[in-house]
Amino acid sequence: MKILLFSYDFPPKLGGIATYTTSLGAEFARQGHEVHGVCPGSPSDPGLPGLHLYRFDATGSNLRRYLRGCGALEEAVDRVRPDVVHATSSMAHLALGRVECGGIPKIMTVHGTEIRRNLCVAGRRHLRDRIFRPSYLATNRIICVSRFTRSLAEDRGLPQDKLAVIYNGVDTSPHYHPPEDLSDLRSRFDLFGKKIILTIAHLHPRKGQAEVLHALPDVLRRVPDAVYVMVGSGDALEELRWEARAKGVDDAVRFCGDAVDARSFHAIADVLVQFSLPSGAFIEGFGLSVAEAMVEGVPVVVSDTGGLPEVVEHEKSGIVVPHDHPEHLASAIIRILSNRDEARRWGRAGRQRALSRFPLDRFARETLAVYEEIR
């Protein structure tokens, strides 16, 4: 099949949607399909094996970005004549709905936040809704990354017969981490002899890093050698630094910035925490970083926000803490850090769930089935 993927979130930009798009494209290519991508960047940006990329300039105002993306998409459709066009980010949804593709089927993936931000509850309308709704209605099929995301789409009045739930896929292939590389990582961030609490996420109040900092004094009273490691960047960095100082835990906190290879941190982590919170339009539609940690056998603690409870089964493949009871967060972290046997059990159970429910081949196969339905 000849597939055209379209996204405004794509490497070198990091993030969940960029990972979603590149993982899907790479797996399609591995399975023998012809894969093209329309994405931001310049011709000098590195390519991806198996993907034919059409880069466009996405700098400047939103209007400029939108118009350049539309132009690049039109050009790629004319040149490639794909069997399907699949948009994976919010602005790509808008552009795809407005670009004439000559009868070529259109697919969109919604991750959760864009549904809350772009569409009103059924029966209500505002300007953003009037702009985006025609694009969602013009698509042949809308892939939702969780049942929770599907419920949001239904609540916003999108037709049920357009909606399909396909969980994200993660790379489940074995990864070897040379001991010297892990030693260097521990040395760089002063992590030798520490029990590592890890969060890999954009630094933002909605991602819950501040809640982990609030729990950290209680954790340190029980586990004095614990350290909270945050991988990611964002506008909340200085606020989180201040919070760590105010709590008197700054010596037990590491800000590591963005990391291209997060799996190196998985290899040294004792627990991954993703305590995402409801925050305006934001929703954690799936929790890709959680599934990636589970693949590596890292025990996980998550909030009950959005699609996270669909990734982690409480008391089966990890611990789910109610987002409105953050006082339970410290207990969950202490439970894993203090009991090596239980931690190993959580890690094995989480890995088994990730291998069975979230492998890339299943992700691509189910997506292809949706393509076939509408051709």
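Counting only residues that are at pLDDT 95 or above and among the basic types (Lys, Arg), which one in the range 80-128 is surrounded by the most Cβ atoms within 10 Å (Cβ to Cβ)?
LYS106
I need a count of the residues in the range 165-216 that are assigned to a loop (DSSP other than H, G, I, E, B), closer than 30 Å to TYR371 by Cβ and in contact with a strand residue (DSSP E or B) (Cβ under 8 Å, 6 or more places away or on another chain).
Restricting attention to the range 165-216, the residues satisfying the condition of being assigned to a loop (DSSP other than H, G, I, E, B) are 166-169, 171-178, 189-194, 201-204, 208.
Applying the additional criterion that residues be closer than 30 Å to TYR371 by Cβ yields 166-169, 171-175.
Next cut, in contact with a strand residue (DSSP E or B) (Cβ under 8 Å, 6 or more places away or on another chain) only: 166, 169, 172.
Qualifying residue count, the range 165-216: 3.
In the range 232-259, which residues are of a type outside the set (D, E, K, R), in contact with a Lys or Arg (Cβ under 9 Å, 6 or more places away or on another chain) and not in a loop (DSSP other than H, G, I, E, B)?
Narrowing the range 232-259 to residues of a type outside the set (D, E, K, R): 232-234, 236-237, 240, 242, 244, 246, 248-249, 252-253, 255-257, 259.
So of that shortlist, the ones also in contact with a Lys or Arg (Cβ under 9 Å, 6 or more places away or on another chain) come out as 232, 234, 236, 252-253, 255-256.
Those that are of a type outside the set (D, E, K, R), in contact with a Lys or Arg (Cβ under 9 Å, 6 or more places away or on another chain) and not in a loop (DSSP other than H, G, I, E, B): GLY232, ALA252, VAL253, PHE255.
Within the range 166-191, work out how many residues are of a type in the set (Val, Ile, Thr), at pLDDT 95 or above and either surrounded by fewer than 17 Cβ atoms within 10 Å (Cβ to Cβ) or closer than 29 Å to TYR228 by Cβ (or both).
If we filter the range 166-191 for residues that are of a type in the set (Val, Ile, Thr), which is where we start, we get 166, 170, 172.
If we keep only those that are at pLDDT 95 or above too, we end up with 166.
Subsequent filtering for residues that are either surrounded by fewer than 17 Cβ atoms within 10 Å (Cβ to Cβ) or closer than 29 Å to TYR228 by Cβ (or both) retains none.
Adding up the residues that qualify gives 0.
Of all residues in the range 217-258, how many are of a type in the set (Gly, Ala, Ser) and touching a strand residue (DSSP E or B) at 6+ places or on another chain (Cβ under 7 Å)? Write out each step before concluding.
In the first step, residues of the range 217-258 are kept if they are of a type in the set (Gly, Ala, Ser); the result is 226, 232-234, 236, 244, 246, 248, 252, 257.
Remaining after also requiring touching a strand residue (DSSP E or B) at 6+ places or on another chain (Cβ under 7 Å): 226, 232-233, 244, 252.
Of the residues in the range 217-258, 5 are of a type in the set (Gly, Ala, Ser) and touching a strand residue (DSSP E or B) at 6+ places or on another chain (Cβ under 7 Å).
For residues in the range 140-157 being in a loop (DSSP other than H, G, I, E, B) and modelled with pLDDT under 95, which is surrounded by the most Cβ atoms within 10 Å (Cβ to Cβ)?
Keep residues of the range 140-157 that are in a loop (DSSP other than H, G, I, E, B), which gives 140, 145-146, 156-157.
Remaining after also requiring modelled with pLDDT under 95: 156-157.
Numbers: ARG156: 20, GLY157: 17.
The extreme case among them is ARG156.
Restricting attention to the range 353-362, does a residue exist that is exposed (fewer than 13 other Cβ atoms within 10 Å of the Cβ) and either of a type in the set (Lys, Arg) or under 22 Å from the mean Cα position of the chain (by Cα) (or both)? Steps first, answer last, please.
Looking only at the range 353-362, we keep the residues that are exposed (fewer than 13 other Cβ atoms within 10 Å of the Cβ), and these are 356, 361.
Restricting the remaining residues to those that are either of a type in the set (Lys, Arg) or under 22 Å from the mean Cα position of the chain (by Cα) (or both) gives 356, 361.
Within the range 353-362, one or more residues are exposed (fewer than 13 other Cβ atoms within 10 Å of the Cβ) and either of a type in the set (Lys, Arg) or under 22 Å from the mean Cα position of the chain (by Cα) (or both).
Say we look at the range 361-375 and pick out the residues that are in contact with a strand residue (DSSP E or B) (Cβ under 7 Å, 6 or more places away or on another chain) and aliphatic (A, V, I, L, M); which of these is modelled with the lowest pLDDT?
It comes out as ILE374.
Sort out which residues of the range 22-43 are among the polar types (S, T, N, Q) and touching a helix residue (DSSP H, G or I) at 6+ places or on another chain (Cβ under 9 Å), and write them in order of number. If you could, list the steps in order and put the result at the bottom.
Residues of the range 22-43 that are among the polar types (S, T, N, Q), as a first pass: 22-23, 31, 42.
Matches in the range 22-43: SER23, GLN31.
The values are calculated or read from the model by the stated rules, or taken from the named source; none is laboratory data. Just so it is clear, the model here is predicted, and its values are computed rather than measured. Every residue, glycine as well, gets a Cβ built from its backbone with ideal geometry; the counts of neighbours run over all protein chains shown.
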